[in-house]
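Below you will find the structure I want to go over with you.
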Amino acid sequence: MYEVTIEDEFSAAHFLKLYDGSWEHRHGHDWKVVVVVRSETLDAMEVVVDFEQLKPNLKKVLSEFTHICFNDHPEFKDGKKNPSTENIAKLIHDRLKQSFTSKTARLVKVTVCETPDACASYYA
């Protein structure tokens, strides 16, 4: 099995509804995103996936979230879903998967870190 990763960053804010129903204060992060792609075989160029095709796709996805407050994003605006790091990882995964095309590889994981020591992942 082969595995490749790419990374990128963006800045955005959020605030979470807490267990007691109250809301934490709005705050921002410099989010780091790590994308993992795996394949049993290499393609015709003998790579899992061409980085120069994957990186712009991630950058495009992240541009949707750069300098926003996630609570104002349509995915979270109604307040039914908390803009947690876990939910943000899934949202980025789902957006990236829409533009991911490969006959041999698959997008398997997106990890989002809101700080250097606090990350959440979504696995496909």
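Quick note: the coordinates plus some simple rules give every number you see, no bench work behind them. Computed from a predicted structure; not experimentally measured. Note that each Cβ is placed from the backbone with ideal geometry, even for glycine, and that neighbours are counted across all protein chains shown.
Which pairs turn up if I take residues in segment 65-91 that are touching a residue at least 24 places away in the same chain (Cβ under 8 Å) and look for partners that are basic (K, R) and surrounded by 14 or more Cβ atoms within 10 Å (Cβ to Cβ) with beta carbon separation below 8 Å, at least 6 apart in sequence or on another chain?
G79/K17; N82/K17
Next up: Given the criteria of a type outside the set (G, A, S), assigned to a strand (DSSP E or B) and more than 17 Å from Y122 (Cβ to Cβ), does V4 qualify? Give the derivation first.
Numbers: of a type outside the set (G, A, S): yes; assigned to a strand (DSSP E or B): yes; more than 17 Å from Y122 (Cβ to Cβ): yes.
In short, yes.
Let's see how each residue does on (1) farther than 19 Å from N82 by Cα; (2) touching a helix residue (DSSP H, G or I) at 6+ places or on another chain (Cβ under 8 Å):
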| residue | (1), (2) |
| --- | --- |
| E3 | yes, no |
| D20 | no, no |
| V35 | yes, yes |
| T41 | yes, no |
| E52 | yes, no |
| P56 | yes, no |
| V61 | yes, yes |
